[in-house]
Amino acid sequence: MLASPFFLYRGERVPAGLKPGEKYAITDLELASKLSFFLWNSNPDDELLDLAIKNKLSDPATLDRQVARMLADQRSKTLASNFVFEWLDMNRLNDIVPDFDVFPYASGRMDPRQDFRTELTLFADSIFREDRSVVDLLRAKHTYLNERLALQYGINDVKGDQFRRVELKDSARWGLLGKGAILMAAAYPNRTSPVLRGKFILAQIEGVPPANPPPGVPTLNDKDIGTTKALTVRQLMAQHRASPTCSACHSIMDPLGFALENFDATGMWRDKDRFAGTAIDSAGELPDGTKINGPDDLRNALLRRPEQFVQTFVENLLIYSMGRTEGYYDMPTVRKIVRDAAAKDYKFSAIVQAVVKTDQFKMRRVPQPVLSASNNTQVNK
């Protein structure tokens, strides 16, 4: 019994009599399990199981009520702590250990990474729990801080270790792009990286990841940072971008990243490059000719096409709900969810309700048998 895959995994049995490639609806019990792990990352509760046993859960009205109930439950906080961290690739934060020689105020016992994780979880959960537009993830004017993190952000009137909601007076900190977790995860341990930050915006915010660099492209020469040459990151990037091989992608990524250059690698605001002693230059021009200078201009440029951000959010939420990677055949469903959610101001609950009603969530396809090249036997794919 303990070795059974139906004990070790959340199994879904294929009904008898169906041909390979045929679609079928999962059972109500399977739906209850899938819904619970999607919204709570845990087992279904008694109410959900009772409805599933009675085959009532798949009724559209009942399903809507259960989704609303589950989103209101505290267990749905896992959407903020699990889904958001997967979508925004926050695992990278584990690898960015601030360099003590460069950032002594953010190293050792002062390492802000765990506080950053808490802030991001509480912030995302507040948007979801208040059933706000998911676009508010980019523009919300509040966050959650304790005294350590507040000082990192230049805020002096927050005291104690307890996190509390804070309305931000500095618009540069509004939304995801002002959060320390994002800024630090898209940097190096010893310096900022306009490339990483620009790539983050393209991939995680806009959903259009750049192509991988061609082989043999040289990286920035880090030894030039902080030496007698006193080159800023922008000056180093200009040298790097001089190559025609590099300029095509960098002309798109770099302006996005430079708009956040006032934030150092630990997410702290700075007006000067402390190595070069010169003022930070956060100006740039987007491919459409829009000139930007700093975080506010960047955020406003992204908000001009909110549906692009919403599509990225929906794609990643659908991936999270399905437990598999996305295919080209999923995109019509994604676009329909975005179009329909627009009428409801892209509210979080409207998007979740739409996701759980998709064929991707409620249906399965009988695996196609394929021939294994190694032993000429059939295996299911």
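The values are calculated or read from the model by the stated rules, or taken from the named source; none is laboratory data. Since we're looking at a predicted model, the values are computed, not measured. Using ideal geometry, Cβ is built from the backbone for each residue, glycine included, and neighbour counts are taken over all protein chains shown. Areas reflect the complete protein model, heavy atoms only, side chains present, ligands, DNA and RNA absent. Shrake-Rupley method; radii C 1.70, N 1.55, O 1.52, S 1.80 Å.
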(message) As an exercise: evaluate residue 138 against (1) aliphatic (A, V, I, L, M); (2) within 18 Å of residue 268 (Cβ to Cβ); (3) touching a residue at least 60 places away in the same chain (Cβ under 8 Å) and give the number of the one condition it does not meet.
(response) (2)
(request) Only residues in region 154-178 that are under 19 Å from residue 133 (Cβ atoms) count as the first member; pair them with residues that are in a strand (DSSP E or B) and open to solvent by 20 Å² or more (accessible area, probe 1.4 Å), Cβ under 7 angstrom, at least 6 apart or cross-chain, and list the lot. (result) 165/144
(request) Among residues belonging to region 19-62 that are assigned to a loop (DSSP other than H, G, I, E, B) and β-branched (Val, Ile, Thr), point out the one that is least open to solvent (accessible area, probe 1.4 Å). (result) 26
(request) Among the candidates 189, 210, single out the residue that is of a type outside the set (D, E, K, R), within 26 Å of the chain's Cα centre (by Cα) and modelled with pLDDT under 85. (result) 210
(request) Could you tell me whether region 133-144 includes any residue that is of a type in the set (Lys, Arg) and within 25 Å of residue 98 (Cα to Cα)? (result) no
(request) Go through region 301-347 and give me each residue that's of a type in the set (Asp, Glu) and buried (at least 17 other Cβ atoms within 10 Å of the Cβ). (result) 315, 330
(message) Exactly one of these conditions fails for residue 112: (1) surrounded by 15 or more Cβ atoms within 10 Å (Cβ to Cβ); (2) over 24 Å from residue 160 (Cβ atoms). Give me its number.
(response) (2)
(message) Any residue that is open to solvent by 50 Å² or more (accessible area, probe 1.4 Å) and closer than 17 Å to residue 205 by Cα - is there at least one of those in region 127-140?
(response) yes
(message) Any residue in region 92-106 that is on the phi < 0 side of the Ramachandran plot and open to solvent by less than 90 Å² (accessible area, probe 1.4 Å) sitting within a Cβ distance under 8 Å of a residue that is assigned to a loop (DSSP other than H, G, I, E, B) and of a type in the set (Val, Ile, Thr)? List the pairs, counting only those 6 or more apart or interchain.
(response) 98/266; 103/266; 105/266; 106/266
(message) I want to confirm something. Restricting to region 150-173 and keeping residues that are in contact with a Ser or Thr (Cβ under 8 Å, 6 or more places away or on another chain) and over 20 Å from residue 297 (Cα atoms), which single residue is most open to solvent (accessible area, probe 1.4 Å)?
(response) 165
(message) Could you check region 196-212 and list, in sequence order, the residues that are open to solvent by less than 40 Å² (accessible area, probe 1.4 Å) and assigned to a loop (DSSP other than H, G, I, E, B)?
(response) 206, 207, 210
(message) Against the condition open to solvent by 10 Å² or more (accessible area, probe 1.4 Å) and in contact with a Gly (Cβ under 6 Å, 6 or more places away or on another chain), how does residue 147 come out, does it pass?
(response) yes
(request) Could you grab me the full set of residues in region 259-311 that are farther than 17 Å from residue 170 by Cα and touching an Asp or Glu at 6+ places or on another chain (Cβ under 6 Å)? (result) 280, 291, 308
(request) Answer yes or no as to whether residue 83 is at pLDDT 95 or above, touching a Gly at 6+ places or on another chain (Cβ under 8 Å) and crowded, with 19+ Cβ neighbours inside 10 Å. (result) no
(message) Taking the condition of being farther than 16 Å from residue 84 by Cα, open to solvent by 10 Å² or more (accessible area, probe 1.4 Å) and not aromatic (Phe, Trp, Tyr), how many residues in region 174-195 meet it?
(response) 4
